[in-house]
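Could you have a look at this structure, given as structure tokens, before my questions?
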Amino acid sequence: MKRVARAAAFAALTMSASMTVAADFPQPLAEEPVPSVAELPASYPDSWIFVHDFHGNSLIDARGVIVDVAADNNNVRGQIPISHFGSITPSPTRSEIYVGETFYSRQTRGERTDVITVWDTKTLTPKGEIVLPGGKRGQFVTLVNSLQLTNNDKWAMIFNFTPGSSVTVVDLDSRAVVSEVDLPGCSLIYPTGARGFASLCADGTMTSIALDAQGKPGATVTSEAFNDIDSDPLFMTPAMVGRTGWFVSFKGNLRAIDFSGEAAKVLGSFPIPAQSGGTPEWRPGGWQVISADRAGLLYVLMNPKGGEGSHKDGGTEAWVIDPVAKTLVRRITLKNHSISVEATQQAKPLLVASRPDGSLDVYDAVTGAFVRTVASVAHTPITMTAVRR
Amino acid sequence: MSGLDKFSEKMTRRVARATSRRSLLTLIGGALTGAAVIPVLPVSRAQAQGHGGGGGADPIAPQTTGNPQDPGDQTKCDYWRYCAIDGFLCSCCGGSASTCPPGTEMSPITWIGTCMNPADNRAYIISYNDCCGRSACGRCSCNRNEGDRPMVRPQANNDINWCLGTASAIYNCSTAVILGVALEQK
């Protein structure tokens, strides 16, 4: 009996509390429509980046994550799938995102289909696809220069590896294959001039191949050898300042290549100014180790434990380099060990450092001050691509 | 090293011929070697550094061969045969250091390394055949990058999915098969 009385008293108390709250809010919450699906702006702000989640533990279920790194919350704005060692390349001018990927009809077996999937930036729904012939799309840990655009974003170029190398050129308007270019001994795609691309070659040179108006390969120009692959190779992903690509080498030498003309022009090289405190020495380390802001400053992810074999180990500082003055402007100490860096293209840029645990740390690129962590963005945030116009 | 490289190349070609995949080799001329996929690597290595090597997970129970001439734990990255491996260790995925897990297909071309066996002090040629046709195993990721070079030199690059010439290119895990003693080592 005593227990019953106590329960009744509790119920009365609860009811009275509810009535008090209801009196504070005379109107109930509005009913909400179903279904309800969010949309994005067709053109993304400069503070947004694409994070390629390589998803090492489930490669067929990788994805691209669209992240607003400037917002206080609601940072993750959407996701699109990227199947098995794929690539993601946005085109702000076309309001489309292109994903090079591979499917099997029974997920891990059956008929292989390689495609470039075309995604709408506003709805994040697939608008179409271009089937790539031959089942030869190159598969490797993400390198953004495996899928690039040319001809005012009318064509996409995708790198094949069988292990023979070639490039398939596709027309994004008609969504059809335009041509295929053999690329013996060379790897990846660095767009050149109005139509065409250059490629880094195993003999240390760079080969440039112009494409005619029909997409057929024309003149080929091969540079002198400049890439010392044995002792100090260049990382494959450059930071782009306009049409100039800044590559950094394993030992910290910066090399500029001008891609504005029909043939790539290999420009000068200079070392990142040496700094003490490394054991044995400071070296670039990570996966996407160099980025550039709109003003042309370079950000290099640096590892104090640099040595042979350290080049993928990530880093603990980002060094800001002025490539014109050839000076080290600032050292940004990162809060966490990071694997890739990317600068946003805002007037006041942010520097994003991705962590092996899948979170992103965001810094004020001008002062180096830590701004925020965007937690749990990806399983494996291997590369990042800021919105660039 | 050049002598070793030549020997490795020869061994690789032998493997390729034995598996009728010579056409693949010819595509990249004389430079080819082989395989060893390595998905997760850079990240797993950084993770190991960030978390003291354990990543916070409970340890995998050790697996030894029981043969004193083949010492070490085949679930650990420091097992002697894994000196140039990159990927998930098949020993942790239903296979062994030299066997693919049930239902997968072993890649016919491989990345070759030369590893010193601490028990008999011999240098062995090790073939890092990938196992293909199941999604990423996800256990015992191991990445060693000494001698690794960027994609511009594919035969020295462990970031490539070498599940080439298999019915399915989906990557599962990597083995470390003894091909023989590196007799020509200098």
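Just so it is clear, none of the values below were taken in a lab; they were calculated from the coordinates. All of these numbers come straight from a predicted model, not from anything done at the bench. All Cβ positions, even for glycine, are placed from backbone atoms using ideal geometry, and neighbour counts span all protein chains on display.
List, in order, the whole-Hz ³J(HN,Hα) value for each residue of segment B:131-138 obtained from phi through the Karplus relation with A = 6.51, B = -1.76, C = 1.60 and θ = phi - 60°; use x for Gly and Pro.
So the J values, rounded to whole Hz, are 10, 10, x, 10, 5, 3, 4, x.
Between A:Arg388 and B:Thr99, what is the label-to-label distance in nm when each label sits 7 Å out along the Cα-to-Cβ direction?
Output for this residue pair reads 5.0 nm.
Moving to a separate point now. Using a Gaussian network for chain A with springs between C-alpha atoms less than 10 Å apart, which of these wobbles most: A:Val167, A:Val352, A:Val366?
The residue that fluctuates most here is A:Val366.
Turning to a different aspect of this structure: Stretch A:Val324-A:Ala42 to full length: gain in nm at 0.36 nm per residue minus the Cα-Cα span?
98.0 nm
Which whole-angstrom value gives the distance between the alpha carbon centres of segment B:110-167 and segment A:124-150?
Measuring centre to centre over Cα atoms gives 25 Å.
Strictly greater than 25 Å: what percent of every Cα pair in chain A meets that?
59
How many angstrom separate the Cα center of segment A:311-330 from the Cα center of segment A:173-223?
Going from one Cα centre to the other spans 30 Å.
What does the C-alpha gyration tensor say about the overall shape of segment B:44-186? Classify as rounded when a/c is under 1.5, otherwise prolate if a/b is larger than b/c, or oblate.
Rounded.
Which of A:Ala353, A:Ala30, A:Ala210 ends up with the largest GNM mean-square fluctuation for chain A, with Cα atoms connected below 10 Å?
A:Ala30
With 28 Å as the limit, write out which pairs from A:Lys216/A:Lys251; A:Lys136/A:Lys312; A:Lys154/A:Lys265; A:Lys305/A:Lys348; A:Lys216/A:Lys326 have Cα-Cα distances beyond it, or answer none.
Long pairs (Cα-Cα over 28 Å): A:Lys216/A:Lys251; A:Lys305/A:Lys348; A:Lys216/A:Lys326.
Now for a different question. Running a GNM on chain A with Cα contacts under 10 Å, which residue among A:Arg109, A:Arg330, A:Arg195 ends up with the highest mean-square fluctuation?
A:Arg109
Still on this structure, please answer the following. Could you list which residues have their amide H under 5 Å from that of A:Leu267, counting only those 5 or more apart in sequence or on another chain, with H placed in the peptide plane?
Residues meeting the criterion, in which the H sits 1.01 Å from N, are A:Ala256, A:Ile257, A:Asp258.
When A:Tyr299, B:Tyr124, A:Tyr98 are ordered from fewest to most other Cβ atoms inside 10 Å of their Cβ, what list results?
B:Tyr124, A:Tyr98, A:Tyr299
Further question: Give the cross-link partners of A:Lys127 among the aspartates and glutamates, using a straight C-alpha distance below 18 Å as the criterion and excluding same-chain residues fewer than 8 apart.
A:Glu39, A:Glu96, A:Glu101, A:Asp114, A:Asp153, A:Asp171, A:Asp173
Turning to a different aspect of this structure: Using a 10 Å cut-off around each Cβ, can you sort B:Lys76, A:Lys335 from fewest to most neighbouring Cβ atoms?
Fewest-to-most Cβ neighbours within 10 Å comes out as A:Lys335, B:Lys76.
Given points 7 Å out from each Cα along the Cα-Cβ axis, report the A:Leu267 to B:Asp73 separation in nanometres with one decimal.
With each label placed 7 Å out from Cα toward Cβ, I get 5.1 nm.
Here is a follow-up. Assign one of three labels to segment A:253-364, namely rounded, prolate or oblate, based on the Cα gyration tensor with a ≥ b ≥ c the square roots of its eigenvalues; rounded applies when a/c is under 1.5, prolate when it is not and a/b is larger than b/c, and oblate otherwise.
It is oblate, given that a/c is not under 1.5 and a/b is not larger than b/c.
Charges on Cβ only, +1 for Lys and Arg, -1 for Asp and Glu, centred on the Cα centroid of chain A; of A:Ile332, A:Ser223, A:His84, which one is farthest towards the dipole's positive end?
About the Cα centre, the residue reaching furthest to the positive side is A:Ile332.
How many nm is it between the label spots at A:Thr125 and A:Val21, if each spot is 7 Å from the Cα in line with the beta carbon?
Those two pseudo-labels are separated by 3.9 nm.
Based only on other Cβ atoms within 10 Å, what is the fewest-to-most ordering of A:Ser208, B:Ser168, A:Ser269?
Ascending Cβ contact count within 10 Å gives the list A:Ser269, B:Ser168, A:Ser208.
Under 12 Å between alpha carbons, and skipping anything fewer than 8 positions from B:Lys76 in its own chain: which aspartates and glutamates qualify?
Partners found: none.
Follow-up question, since we're still on this one. How far is helix A:2-24 tilted, in degrees, relative to the longest principal axis of the Cα atoms in chain A, given as a value from 0 to 90 rounded to the nearest 10?
Taking Cα atoms only, the helix is inclined about 60 degrees.
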